[in-house]
Amino acid sequence: MFGVLRWVFGSLVLFFWLSLSVEASPHVQVIGLFNNGAAVVNINGQRHLLKVGKPAKQGVRLISADVASATLEIEGVQKTFPLTRDYSEGFSAPVKKRVPILMNNQGSYYTHGVINGMPVRMLVDTGASLIAMNSEHAKKLNINYIRDGKLAAASTAGGAVRTFNVILRKVEVQGIVHYNLEAAVIEGNSPHEILLGTNFLNKVKMTKQDGIMYLEEK
């Protein structure tokens, strides 16, 4: 009788221990990837920015990351995750597209995008009312701003310059797409980067957290 009770008690303890072990495993989802060794990871419902070589957060450490996948160490076990892949092997597609943009060491936010089907690098600029680029950018994007644009003027440190307002057929930032957006083409070599202005940014929900800017479809 006592032997049976000991077996039952031992089985209950083992079951309870296994249950705790299962519950203790963190629920992990990779929701943002950067090619400079950083990743945004959702751990048990909390969002964290993990960087290679930095301490673990909630038992999760980043081993490596690029724009395609992240390798995480979870409870001593390494596993590679693509974007939005859940550690529990579940998958839940987001209702709205939400993309992260990592702040650089100068406090600026750069992102890769597509304008009229061609890849570009853009600087997020909340002070620019329009998407803006210099005339060399426009030529590389096959934008005939003199023929198709509306002549205007802009003031710079070097004085007044000719500006042409054009319509961009399609502007995409990491999967968030908007069509027929106005842009300013400024003759010369300024601005040095294509500026992602508020005529795009006002069409998305923009938030910042822990050095990351998030753009989310409205």
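Things to note:
- Computing FRET efficiency as 1/(1 + (r/R0)^6) for Y179 and A153, where r is the C-beta to C-beta distance and R0 is 30 Å, gives about 0.65.
- Given their separation in residues at 0.36 nm each and the Cα-Cα distance between them, E136 and Q78 gain 16.3 nm when the chain is fully extended.
- Centre separation in Å (Cα based) which lies between segment 103-138 and segment 154-218: 6
- With neighbour counts taken as other beta-carbon atoms within 10 Å, the residues S69, S108 rank, fewest first, as S108, S69.
- Efficiency of FRET from Cβ geometry, S190 and R169, R₀ 25 Å, rounded to 0.05: 0.55
Values quoted throughout were computed directly from the atomic coordinates according to the rules given, and no laboratory measurement underlies them. As the structure is a computational prediction, the values presented were derived from the model and not from experiment. Here Cβ is always computed from backbone atoms with ideal geometry, including for glycine, and neighbour counts include all displayed protein chains.
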